[in-house]
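Heads up: the structure comes next, in structure tokens.
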Amino acid sequence: MKSMRLGLVAVSVVLGLTACMSTQSPTGRGQTLLYSSAQMQQMGDASFEEMKKQQKVSSDKKLTQYVNCVANRVTAVLPDQTQRWDVVLFDSEQVNAFALPGGHIGVYTGLLKVANGPDQLATVLGHEVAHVLAQHGNEQVSRGQLTGVGMQIADAALGVSGVANRDLYMSALGLGAQVGVILPFGRAQESEADIMGLELMARAGFDPAQSVQLWQNMSKVGGSQGPELLSTHPSNSNRIEQLQQLQAQMQPLYATAKAQVKNQCVAPK
């Protein structure tokens, strides 16, 4: 009976937290956010400083200027112009980039071998910045927090009821896994970042049609993929199809912005 009461109380607490912190993403998707903007900024600041200590920063001035040019144009069209963005080019073969709460963008030199030209680089940076705008990091950490609460509840309940081998039971229930602070984004979040990122790059004067070519390039680098059901990300074919469907909506934004662009970004040869 004690374990049952504990479980009912715990469920009430979790439901209460979820109800209080439920909101909608920029595209209308439901979210649960347990952390404030200030807290997320602290996490982003700390994570970025740690990465700059642990990873080699590129000394190539021309490449760094090029990446900054593209990033600055993308961030210049964001709603909040009070946020300053720190952009760092890391010397690594990783084909990747990221953005963190607090105004941080990291790009790996390996990405520049796949993202051919400023429009394709803007595709990636728009996508990553969109993750921050949509508070996907907050959503993921909040989900991990709720999962952690669930682990503690189950652990306590099993302890009170005197069940032997509770670690085995927790593992069987999927509650024994450790939840990290950095969690992979899910399919819904990735698709949302694609949509928002495409609009960002178009408004910044980068050709959204190049997003299709970028993901085709990525597909070649990534090799064969398993079924989408087995991945947290959209399959490349589904992602490309979505981007193609959005072109009619985004091209007018691009045409308007392109006529007003003064700072052209040119990739070093």
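The values are calculated or read from the model by the stated rules, or taken from the named source; none is laboratory data. These figures come from a predicted structure and were not determined experimentally. Cβ placement follows ideal geometry from the backbone for every residue including glycine, while neighbour counts extend to all protein chains displayed. In case anyone asks, the SASA skips ligands and DNA or RNA and just uses the protein heavy atoms, side chains included. Shrake-Rupley method; radii C 1.70, N 1.55, O 1.52, S 1.80 Å.
Every residue in the range 189-211 that is farther than 17 Å from N96 by Cα and hydrophobic (A, V, I, L, M, F, W, C), please.
Matches in the range 189-211: I195, M196, L198, L200, M201, A202, A204, F206, A209.
Among the candidates S47, S59, S12, which residue alone is open to solvent by 40 Å² or more (accessible area, probe 1.4 Å), small (G, A, S) and modelled with pLDDT under 50?
That would be S12, the only listed residue that is open to solvent by 40 Å² or more (accessible area, probe 1.4 Å), small (G, A, S) and modelled with pLDDT under 50.
Would you pick out the residues in the range 117-138 that are farther than 13 Å from F98 by Cα and either buried (at least 24 other Cβ atoms within 10 Å of the Cβ) or of a type outside the set (A, V, I, L, M, F, W, C) (or both)?
G117, P118, D119, Q120, Q135, N138
So which residues in the range 194-245 are in a loop (DSSP other than H, G, I, E, B), modelled with pLDDT of 90 or more and open to solvent by 40 Å² or more (accessible area, probe 1.4 Å), if there are any at all? Spell out how you get there, then give the answer.
Quick first cut of the range 194-245, residues in a loop (DSSP other than H, G, I, E, B) only: 204-209, 223-227, 231-235.
Those still in the list that are modelled with pLDDT of 90 or more too: 204-209.
Within the range 194-245, A209 is the sole residue that qualifies.
Only residues that are open to solvent by less than 80 Å² (accessible area, probe 1.4 Å) and assigned to a loop (DSSP other than H, G, I, E, B): list them for the range 65-87, please.
Residues satisfying the conditions are A76, V77, L78, D80, Q83, W85.
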